[in-house]
Amino acid sequence: MKQGKIFFISGPSGVGKGTVITALREKHKNWVFPPSCTTRESRPGEIEGETYFFISKEEFLKRVGRDEFLEHAEVHGGNLYGTLKKPLVTGVEQGKIVIREFDVQGFLQVREKLPKEYYTSIFLKPAEGVEVLGERIRHRAPITDEELVRRMESMKNELKLEHLYDYTVISRQGAIRQMVEDIEHIIVS
Ligand code: 5GP
């Protein structure tokens, strides 16, 4: 059977990872987009096994013990989030194209765990610099000025890690279609 391939899409917060994933998911019904696991409560409209796998903290920790995660982290609010290895491996074994998004920190963890030949990585780079990303983050959810400054500092550091990725795709304001096409081009080539 033909082996599939894993593509990691990563980049700083606000760069458009979620938007790109939504567009790719709409267009490519045969590609696999494995959801994360989380211990947080599901919100209205979220679908088990699609938005996330919702599990208890106890179950999450058991899975950590069994080394079932490619990466995991405690995100704000004390909830645990993680990427299960199994759905990625299953997709590849079935010859599928598997797509996952990670923030830069998540990608750094994955790089340590997964041999290079298993995946291709794509970095989304903001064309307009971190100020525009800061504005987007501010519009998404309430945030203090202090926190915004801190987030922008860490974004500047994340931009320095572009060289760790196989490909860079430029994320330009109002040009989502171009960004999606550039990513598709990498994936199908
Ligand atoms: P939310 O609870 O709003 O869906 O997500 C909260 C945060 O958790 C987001 O910043 C999101 O990027 C992060 N997150 C979601 N899934 C994962 C995951 O599998 N691993 C890590 N490290 N963070 C995740």
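Annotations
- Scanning region 28-43 for residues that are free of Cβ contacts under 8 Å to residues at least 60 places away in the same chain and either within 13 Å of the ligand (Cβ to nearest atom) or of a type in the set (S, T, N, Q) (or both) yields 35, 36, 37, 38, 39, 40, 41, 42, 43.
- Among the conditions (1) in contact (Cβ under 8 Å) with a residue 24 or more places away in the chain; (2) touching a Ser or Thr at 6+ places or on another chain (Cβ under 6 Å); (3) farther than 23 Å from residue 3 by Cβ, the only one that residue 57 does not satisfy is (1).
- With respect to being surrounded by fewer than 20 Cβ atoms within 10 Å (Cβ to Cβ), touching a residue at least 12 places away in the same chain (Cβ under 8 Å) and closer than 27 Å to residue 168 by Cβ, residue 109 fits the description.
- When residue 81 is tested against (1) surrounded by fewer than 17 Cβ atoms within 10 Å (Cβ to Cβ); (2) closer than 25 Å to residue 25 by Cβ; (3) at pLDDT 90 or above, just one condition goes unmet, and that condition is (1).
- Among residues of region 14-27 being surrounded by fewer than 18 Cβ atoms within 10 Å (Cβ to Cβ) and not basic (Lys, Arg), the one that is farthest from the ligand (Cβ to nearest atom) is 26.
- Members of region 58-73 found to be within 15 Å of residue 36 (Cβ to Cβ) and either more than 9 Å from the ligand (Cβ to nearest atom) or β-branched (Val, Ile, Thr) (or both), listed by number: 59, 60, 63, 64, 68
The values are calculated or read from the model by the stated rules, or taken from the named source; none is laboratory data. Computed from a prediction, not measured in an experiment: that's the story for all the values here. Here the Cβ is made from the backbone with ideal geometry for all residues, glycine too, and neighbour counts use every protein chain on show.
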